[in-house]
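These notes are about the structure you will find just below.
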Amino acid sequence: MSATAFIGLGGNLGDVRTRLHAAIAALDAAPGLRVTRRSRLFSTPPWGQLDQPHFINAAISVSTTLTPHALLDTLLSVEEAFGRVRQGERWGPRTLDLDLLAFGDATIADDRLTVPHPRMAERAFVLLPLADIASESVLPGLGRVSDLLEAVDASGCRALPRAVP
């Protein structure tokens, strides 16, 4: 059986645009996953730790036969393959960040995974790209993506021009 999941992507170190496109391709090629929609790229101010470069963020929708935890493991493996090193610095600079935002209608809260992603309803850098592909989607316990986006401050965020092929 297949489920729809939403994944947030971001980074602010190195050639982030190229890395995000490559990470999306890697996810699309992963067993049990197929990318069905991808957002535009957005430039967003840093969150938490402000003395770092702006981030580039995106979101994708995937159809998956994986369990939520197996999908999380795939995301972590792709991050590692693209040079992500987790050093415990919360909200710091990173080469690639992949977050499981939502998994169908599931609500999960265990020691490894919380879905829908905690605090996503407070963050324009998550909601802007997600609204670009799923504005009318309703996130369990949170509400409609478009309504959540209206309630956050998106100042300083902007859609980036699409690359010319």
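Charges at C-beta only: +1 for Lys and Arg, -1 for Asp and Glu. How large is the resulting dipole of the range 1-60 about its Cα centre, in Debye rounded to 20?
So the dipole magnitude of the range 1-60 works out to roughly 240 debye.
Taking the Cα centre of the range 76-165 as the origin and placing charges on Cβ (Lys, Arg +1; Asp, Glu -1), which of Leu128, Gly141, Pro161 is farthest toward the positive end of the dipole?
With unit charges placed on the Cβ atoms, the residue in question is Pro161.
Using a cut-off of 11 Å between beta-carbons, work out the net charge of the residues near Val145 (Lys and Arg +1, Asp and Glu -1, Val145 not included).
The answer is -3.
Could you give the length gained by full extension between Thr36 and Asp15, i.e. 0.36 nm per residue of separation minus their alpha carbon distance, to one decimal place?
Taking Thr36 through Asp15 to full extension adds about 5.1 nm, to one decimal.
For a quick check: with amide H placed at 1.01 Å from N, whose amide H comes under 5 Å from Leu41's, ignoring anything fewer than 5 positions away on the same chain?
Leu160
When the chain is fully extended, how far beyond the present Cα-Cα distance does His69 get from Glu122, taking 0.36 nm per residue of separation?
16.7 nm
Between Ser155 and Ser137, what length in nm is gained on full extension when 0.36 nm per residue of separation is reduced by their alpha carbon distance?
4.2 nm
What's the carbon and sulfur percent of the chain's accessible surface, probe 1.4 angstrom, rounded to a whole number?
Answer for the chain: carbon and sulfur cover 53 percent of the accessible area.
For the range 1-42, state the average projected area of the convex hull of the C-alpha atoms over all orientations, rounded to one decimal in nm².
3.3
At 1.4 Å probe radius, can you tell me the per residue accessible area of the chain in Å²?
Counting only protein heavy atoms, the per-residue value for the chain is 51 Å².
Counting Lys and Arg as +1 and Asp and Glu as -1, each charge on the Cβ, what is the dipole of the chain about the Cα centre in debye, to the nearest 20?
It comes to approximately 440 debye.
Can you tell me the order of 11-19, 44-52, 25-33, 119-127 when each peptide is scored by its average per-residue count of other Cβ atoms within 10 angstrom, highest first?
Averaged packing, sorted descending, gives the order 119-127, 11-19, 25-33, 44-52.
The values are calculated or read from the model by the stated rules, or taken from the named source; none is laboratory data. A quick note: this is a predicted structure, and the numbers were derived from the prediction, not measured. A quick note on method: Cβ atoms are made from the backbone with ideal geometry, for glycine too, and the neighbour counts reach across all protein chains shown. These accessible areas exclude ligands, DNA and RNA; they are computed on the full protein's heavy atoms, side chains included. Shrake-Rupley method; radii C 1.70, N 1.55, O 1.52, S 1.80 Å.
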